[in-house]
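Report on the following structure.
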Amino acid sequence: MGLEIIEKYFTLTPKQKSQMEALGRLYPEWNDKINVISRKDIDNLYVHHVLHSLAIAKFLHPVPGTSFLDMGTGGGFPGIPLAILWPECTFHLIDRIGKKIRVAQDIAEQIGLTNVTFQHGDIGECHKRYDFVVSRAVMRLDEMIPLVRKNVASGGNNGYPNGVIVLKGGNLDSELANVKYPILEESLTIWFDEEFFQTKKLVYAQI
């Protein structure tokens, strides 16, 4: 399943279509050299990685100029698909594994993304503030928030106050019980029909 699954849920410009289409070529090419995505999962790139990342775009409709920090981006998820969809927003992608950041950087350059920056390092080395910190299954939310609280700018003008948006799977009761901030939890099945999303959630925390 390829680009058609993205077009099922999102209207793309010709440029966005071309960029999304290129991901289906570039990620497998890189995966042959560096295991960025699980070998058995690369055939599910568009549903399990690209569309999953874009769940954030069903939840949030940011105004131009909104800034995002993608913590633990790996090979560029959710940051790269979101940067394609929201060209008037800015994205800073950070990961501790240098080879994965290099993959994300190379793919962004090859598809002509100009609204992304990259950092090889730990979240403690990132000192700027952003409207939203986004992440995809990197760590427990109750452990993540203390690390990224310093990176969330106050205020916000996107319908939801600035905060943290994470994509998670499974039962989240224990980790959410320890979060001392207002939380909104959504099942991805309200937006996507595919079976993969049955156990997947989006969690927003207002910081």
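Summary of values
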item	result
Rounded if a/c under 1.5, otherwise prolate or oblate - the range 1-61, Cα gyration tensor axes	prolate
Globularity index of the range 3-206, i.e. its alpha-carbon radius of gyration over 2.2 N^0.38 Å	0.95
5 angstrom amide H check on VAL134, placed H, neighbours 5+ away	LEU69, ASP70, MET71, ILE165
Karplus (6.51, -1.76, 1.60) ³J(HN,Hα), θ = phi - 60°, over the range 157-171, in Hz, Gly and Pro reported as x	9, 10, x, 10, x, 4, x, 10, 10, 10, 10, 9, x, x, 7
Unit charges on C-beta of K, R, D, E only; dipole of the range 3-206, Debye	420
Under 5 Å, built H, 5+ apart or other chain: amide partners of THR66	THR90
Protection proxy ranking of 67-75, 162-170 - average other beta-carbon atoms within 10 Å, highest first	67-75, 162-170
HN-Hα J in Hz across the range 93-102 - Karplus 6.51, -1.76, 1.60, θ = phi - 60°, x for Gly and Pro	9, 10, 7, 6, 9, x, 5, 6, 4, 5
3J(HN,Hα) from dihedral phi, the range 51-66, Karplus parametrisation 6.51/-1.76/1.60, rounded to Hz, x for glycine, proline	5, 4, 4, 6, 4, 4, 6, 7, 7, 10, 10, x, 6, x, x, 5
Euclidean distance of C-alpha centroids, the range 68-113 and the range 172-207, integer Å	22
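Values in this text are rule-based calculations from the coordinates and carry no lab data. Keep in mind the model is a prediction, meaning the values are calculated, not measured. So basically every Cβ, Gly included, is an ideal-geometry build from the backbone, and we count neighbours across all protein chains shown.
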